[in-house]
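Reading through the structure tokens given below for one structure.
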Amino acid sequence: MFTLSDFDFNLPPELIAQTALTERSASRLLDVNNRAATASFTDRHFTELPSLLEPGDLLVFNDTKVLKARFLGQKASGGRIEVLVERLTGATTALAQIRASKSPLPGTKLVLAEAFEVTVGERVEPFYTLHFPADCLTLIEQYGRLPLPPYIEHDPDAFDETRYQTVYAANPGAVAAPTAGLHFDPALFAALDARGVERATLTLHVGAGTFQPVRVENLAEHRMHSEWYRLPQTLADKIVATKARGNRVIAVGTTSLRALEAAARDAAKAGRPLSETSAETDIFITPGYEFRVVDRLVTNFHLPKSTLMMLVSAFAGMDAIRAAYAHAIEERYRFFSYGDAMLLTRQAAA
């Protein structure tokens, strides 16, 4: 049985990327060959990705769009607060985290960004319901701040508002970017098209829970956060066709993988084929998990002891991931959201 400590590693803090590269596809790509008994690695540039895929392979992207979900504000009493909108629940309602010296009670009025007032509603653990005076999305985009990850130490600027968003972001609702997608730009899409690689999208709204640490040593006791996703029927059909012709499904990012595997798991439980799905998922993927859809994964490097470290270890194998991270640290790769990427292949079944 694996424990939290099995997914720890020592990362020199200077390897945490604080800013994005000006050119999206200029990042590095660690190509991990884990099909042999001992994993091997090739240091590449991200622009080489098309040459590593086959014509007819299918890349699956998460087209969620990051909200300007962070607000500074105050209570009527003058007490300072910080609000992070977790998800929109209606035209004028949302769930949010609230940091304050004292937890606000239902009915409390909060002034956000010195611009408008919201009312605290019922508690939906671990969040609060907020009632907005007008359309949530409009107010959030007009007055909110981009919610950069906690390990990025500068305040967001105009460059971040562009770079902490994929070029194909379409559906607002995330509070964190699907960061593996940040490496793709129009020139790379053109190269993938020329290679004959197919593309498709799904939506998973990444929640703030993605940054929450695992606080229990026994992983069976961890309560995974829930996120909403939608897998369209057109994607389900493409997956079936891709598999039928012997090609591979490549998830761009762990969020795409989680949505694909959650939909496939639920379809298998119901005894039906993969089909259009809109649902909440709290899927928790750890070593030993049986993958049903994804054959390869493009992903950034993840935090020590995180659920995403567990996911990639389940996908590529514990030994391969440990060796890959050691190699990346030795070769001075850039880590986390604004960092470099790796290309993984699903480990062979035991």
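Of everything in the stretch 90-109 that's of a type in the set (Val, Ile, Thr) and assigned to a loop (DSSP other than H, G, I, E, B), which residue is farthest from residue 225 (Cα to Cα)?
108
Quick one: in the stretch 85-114, of everything that is of a type in the set (A, V, I, L, M) and closer than 30 Å to residue 200 by Cα, which residue is surrounded by the fewest Cβ atoms within 10 Å (Cβ to Cβ)?
Applying the filter and picking the extreme gives 91.
On the given criteria, is residue 22 free of Cβ contacts under 8 Å to residues at least 60 places away in the same chain, of a type outside the set (Gly, Ala, Ser) and out of contact with any Leu (no Cβ under 8 Å at 6 or more places or on another chain)?
Taking the combined requirement at face value, the residue satisfies it.
Could you check the stretch 191-280 for strands (runs of 3 or more DSSP E) lying wholly inside it with 2 or more residues that are of a type in the set (D, E, K, R) and in contact (Cβ under 8 Å) with a residue 60 or more places away in the chain?
Numbers: elements: 198-204, 227-231, 249-252.
Output list reads 198-204.
Do you know which of the residues in the stretch 127-155 that are part of a helix (DSSP H, G or I) and β-branched (Val, Ile, Thr) is surrounded by the fewest Cβ atoms within 10 Å (Cβ to Cβ)?
Our first condition is that a residue be part of a helix (DSSP H, G or I); within the stretch 127-155, this holds for 136-143.
Restricting the remaining residues to those that are β-branched (Val, Ile, Thr) gives 138, 140.
Details: 138: 11, 140: 22.
Per the criteria, the residue is 138.
Go through (1) surrounded by fewer than 18 Cβ atoms within 10 Å (Cβ to Cβ); (2) modelled with pLDDT under 95; (3) among the hydrophobic types (A, V, I, L, M, F, W, C) for residue 208 and report which single condition fails.
Unmet for residue 208, out of (1) surrounded by fewer than 18 Cβ atoms within 10 Å (Cβ to Cβ); (2) modelled with pLDDT under 95; (3) among the hydrophobic types (A, V, I, L, M, F, W, C): (1).
State yes or no: is residue 119 loosely packed, with under 15 Cβ neighbours inside 10 Å and not in a helix (DSSP H, G or I)?
Details: loosely packed, with under 15 Cβ neighbours inside 10 Å: no; not in a helix (DSSP H, G or I): yes.
The answer is no for residue 119.
On the basis of being more than 18 Å from the chain's Cα centre (by Cα), within 24 Å of residue 49 (Cα to Cα) and not in a strand (DSSP E or B), does residue 323 make the cut?
yes
Taking residue 247 and the conditions (1) under 30 Å from residue 98 (Cβ atoms); (2) surrounded by 16 or more Cβ atoms within 10 Å (Cβ to Cβ), which numbered condition does it fall short on, given that it satisfies the others?
Exception for residue 247: condition (1).
Looking only at the stretch 74-83, which residues are farther than 16 Å from residue 107 by Cβ, assigned to a strand (DSSP E or B) and more than 24 Å from the chain's Cα centre (by Cα)?
Passing the criteria: 74, 80.
Does the stretch 229-236 contain any residue that is under 30 Å from residue 2 (Cα atoms), crowded, with 21+ Cβ neighbours inside 10 Å and in contact with a Gly (Cβ under 8 Å, 6 or more places away or on another chain)?
No, that holds for no residue.
Every residue in the stretch 162-182 that is part of a helix (DSSP H, G or I), touching a residue at least 40 places away in the same chain (Cβ under 8 Å) and out of contact with any strand residue (DSSP E or B) (no Cβ under 7 Å at 6 or more places or on another chain), please. Give the steps one after another, and end with the answer.
Restricting attention to the stretch 162-182, the residues satisfying the condition of being part of a helix (DSSP H, G or I) are 162-163, 179-182.
Then drop every residue that is not touching a residue at least 40 places away in the same chain (Cβ under 8 Å), which leaves 163, 179-182.
Once the filter is applied, which keeps residues that are part of a helix (DSSP H, G or I), touching a residue at least 40 places away in the same chain (Cβ under 8 Å) and out of contact with any strand residue (DSSP E or B) (no Cβ under 7 Å at 6 or more places or on another chain), the stretch 162-182 yields 163, 182.
When the residues of the stretch 7-43 are narrowed to those that are in a loop (DSSP other than H, G, I, E, B) and touching a Lys or Arg at 6+ places or on another chain (Cβ under 6 Å), which ends up farthest from residue 165 (Cα to Cα)? Before the answer, list the steps.
First pass over the stretch 7-43, keeping only residues in a loop (DSSP other than H, G, I, E, B): 8-12, 17-23, 27, 34-39.
Restricting the remaining residues to those that are touching a Lys or Arg at 6+ places or on another chain (Cβ under 6 Å) gives 8, 17, 20.
On the way: 8: 28, 17: 16, 20: 11 Å.
For the stretch 7-43, the residue satisfying everything is 8.
List pairs: first residue in the stretch 33-49 and assigned by TED's automatic domain parsing to the domain that holds residue 317 and touching a residue at least 60 places away in the same chain (Cβ under 8 Å), second residue charged (D, E, K, R) and exposed (fewer than 14 other Cβ atoms within 10 Å of the Cβ) anywhere in the structure, Cβ distance under 8 angstrom, at least six positions apart or on different chains.
Within 8 Å, the pairs are 43/331.
Inspect the stretch 67-74 for any residue being touching a His at 6+ places or on another chain (Cβ under 7 Å), surrounded by fewer than 17 Cβ atoms within 10 Å (Cβ to Cβ) and closer than 30 Å to residue 167 by Cβ and give the result as yes or no.
no
Yes or no, residue by residue, for (1) in contact with a strand residue (DSSP E or B) (Cβ under 6 Å, 6 or more places away or on another chain); (2) crowded, with 22+ Cβ neighbours inside 10 Å; (3) under 24 Å from residue 213 (Cα atoms):
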residue	(1), (2), (3)
258	no, yes, yes
261	no, yes, yes
273	no, no, no
282	no, no, yes
292	no, no, no
311	no, yes, yes
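The values are calculated or read from the model by the stated rules, or taken from the named source; none is laboratory data. From a predicted model like this one, the values you see are computed outputs, not experimental measurements. Neighbour counts run over all protein chains shown; Cβ positions are idealised from the backbone, glycine included.
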